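What follows is a set of notes on a single structure, which appears directly below.
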């Protein structure tokens, strides 16, 4: 699924107040965006620059999020594109597919 420039920009700006830069050695290397409510935490976006992918950064971020959510007894949900290799990471970390749309899987932990 190819997104237009406008769609990509809208996705980046959506819930921007819930975004946190991921910084390594004073250099921004990514973004994580989680919307938290009393009932569910939604992982909306996790991006790591290509040069840092495969170094365990996303694993650490998701593991920490899931651990914090477990302590709060709150489920974590997300959607992932069907062709995104991150799906394997999410499954390895304990998320399960709970639904499916045309281009994405809905996943949940907790």
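Key figures
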item	result
Gyration tensor verdict on region 45-98 (Cα atoms; rounded if a/c is under 1.5, prolate if a/b is larger than b/c, oblate otherwise)	oblate
Cα-Cα P(r), the chain, percent of pairs per 5 Å interval	2, 11, 20, 24, 23, 14, 4, 1
Fully extended contour minus Cα-Cα distance, from residue 60 to residue 98, at 0.36 nm per residue	11.4 nm
Relative contact order (%) - criterion: Cα under 8 Å, at least six apart; region: region 5-109	18
Two-site FRET efficiency, residue 7 against residue 49, from Cβ-Cβ distance with R₀ of 25 Å, rounded to 0.05	0.75
Gain in span if fully extended, residue 67 to residue 35, counting 0.36 nm per residue against the direct Cα distance	9.9 nm
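No value in this document is a laboratory result; all are computed from the given coordinates. As the structure is a computational prediction, the values presented were derived from the model and not from experiment. Positions of Cβ are backbone-derived with ideal geometry, glycine not excepted, and every protein chain shown enters the neighbour counts.
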